[in-house]
Amino acid sequence: MSTPTAPMADPRAADVHAYILAVRSWLGDLPAEDVDELTFGMEADLAERAAEGGGRLGEVLGEPEEYAAELRAAAGLPPRATAPRPPGHVAELRRDLERLRAGILERWAWLPELRATWWIARGFTLGWVLLAMAGTRHPVFAGVVGAVLSYGVGRASRGWRSGPLPGVVLLANLVAAVAVAPVLWVATHPQLTYVETESSSVTGLARDGEPVLDLFVYDADGHRVDRARILDQSGQGVFVDPSFFDLSGEEVPRKPDGSPDVETDVFPLVVGDQDPWAAGEDGWTPPLVLAPLPVEPGPAPTPSEPERSAAASTPSP
Amino acid sequence: MDGTQLVKGVLDLAVLAVVAHEDGYGYDIVRRLREAGLEEVGDASVYGTLRRLFAAGALTSYVVPSEEGPHRKYYGINAEGRHMLDTQATTWKAFVGTMDSLVRAAEVAS
């Protein structure tokens, strides 16, 4: 009795698988059990056939359509009346991938030897990416766990060729293939750390996180104050962010070194010879006067002081 | 004359004869037919014939599991198959005898 031969190398197995799929599609109008009966054992037989060489199975045995027709005729089954429904895009893509895979493996037969390495790299990458996306600062651990799991899946999944799970594995492989180089680069360059930066912070004066571009100061009587300087609680002068002048389209006088020639801590800002109290970009014009503040009840003024306070409240010329 | 057409007419007998000698799986039977000289026999024709003979009750089939690769389907002959083989062999021999004398007579005449 002849003994079964050893399983075939991968490129041929892919060719065999694609060939049987195509033959089955040409038998697709028959009852499922007939199709199964006709094609059961075919994989082992065709693998053996392919191993004897002679190129692609389609060249050795005839294209799947002819093969299926001959099979039907010899088995006494009716010939196929219509062409099989064209395979869906997914099936077509899968067949193309199988062919590509078969072609690659035929050319570089040693590639399967690297599978274990690939499983580990794939698992490390996916573990890393998933946990990094989840915000973990130390995804290396996840990468190691992923590598171990992926190695297990890789070993267990040898021979899976159909069903939904290989689709998931294929997707995971694609993601890993895209991400593996950057992830491994980052992982092997530990000095690269992510520093959270406040990208919305402004260096100058701000209100609710938005930069303040100018200030208009009015005194207690509601009159405009020119060339006002304002200090904060620690004696630091308040200023607007000068970089804003680089962003705005305004014509701004420049110093010889290119920086804006504007005193950013004197309000309202005087830009060139423009009226500092003119309407701004959003159309708002600072009012000429504000309603004077109500007179503070405060401590009763001494007889000698009223004149001095009155003089102080007068705007300087 | 196209040998392929001749083979098709007697493929049942050829397959039964090969399987009667020893059980085998599809491609093994194809190979043994070719080694015997039926080089033009098509793989799919043999598989189809095996399936038809099995459906007709002339063959038994069993699966031989493989730990490393896909399982194999073996065919063996049964009593019905041996009866079919005997009948077809008798018909074949008579046919060959008839054809032989026809051809020989033609050769003598020419």
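Results, tabulated for the structure shown:
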quantity	calculated
Scope the stretch B:53-74; condition facing another protein chain (nearest Cβ under 7 Å) and touching a residue at least 12 places away in the same chain (Cβ under 8 Å); matching residues	B:64, B:72, B:73
Of all residues in the stretch A:74-87 being buried (at least 16 other Cβ atoms within 10 Å of the Cβ) and within 11 Å of chain B (Cβ to nearest Cβ), the one that is modelled with the lowest pLDDT	A:77
Search result, residues across the stretch A:120-150 that are over 14 Å from residue A:184 (Cα atoms) and buried (at least 18 other Cβ atoms within 10 Å of the Cβ)	A:131, A:150
Positions within the stretch B:36-50 being over 13 Å from residue B:16 (Cα atoms) and either touching a Pro at 6+ places or on another chain (Cβ under 7 Å) or more than 7 Å from chain A (Cβ to nearest Cβ) (or both), in sequence order	B:36, B:37, B:38, B:39, B:40, B:41
Selected residue (only one of B:109, B:89 is of a type in the set (A, V, I, L, M, F, W, C) and under 15 Å from the mean Cα position of the chain (by Cα))	B:89
Residue A:170 being part of a helix (DSSP H, G or I), under 30 Å from residue A:123 (Cα atoms) and either at pLDDT 80 or above or not aliphatic (A, V, I, L, M) (or both)	no
Residue in the stretch A:79-92 that is assigned to a helix (DSSP H, G or I) and among the charged types (D, E, K, R) present	yes
Qualifying residues in the stretch A:30-47 (those that are surrounded by 18 or more Cβ atoms within 10 Å (Cβ to Cβ) and in contact (Cβ under 8 Å) with a residue 12 or more places away in the chain) - the one farthest from residue B:48 (Cα to Cα)	A:47
Among the residues listed as A:10, A:29, A:45, A:15, the single one being within 11 Å of chain B (Cβ to nearest Cβ) and modelled with pLDDT under 90	A:45
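For every residue, the table says whether it meets (1) out of contact with any strand residue (DSSP E or B) (no Cβ under 7 Å at 6 or more places or on another chain); (2) at pLDDT below 70; (3) not charged (D, E, K, R); (4) not assigned by TED's automatic domain parsing to the domain that holds residue A:222.
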site: A:273; (1), (2), (3), (4): yes, no, no, no
site: A:280; (1), (2), (3), (4): yes, no, yes, no
site: A:304; (1), (2), (3), (4): yes, yes, yes, yes
site: A:309; (1), (2), (3), (4): yes, yes, yes, yes
site: A:314; (1), (2), (3), (4): yes, yes, yes, yes
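The values are calculated or read from the model by the stated rules, or taken from the named source; none is laboratory data. All of these numbers come straight from a predicted model, not from anything done at the bench. With ideal geometry, Cβ positions are generated from the backbone for all residues, glycine too; neighbour counts draw on all protein chains shown.
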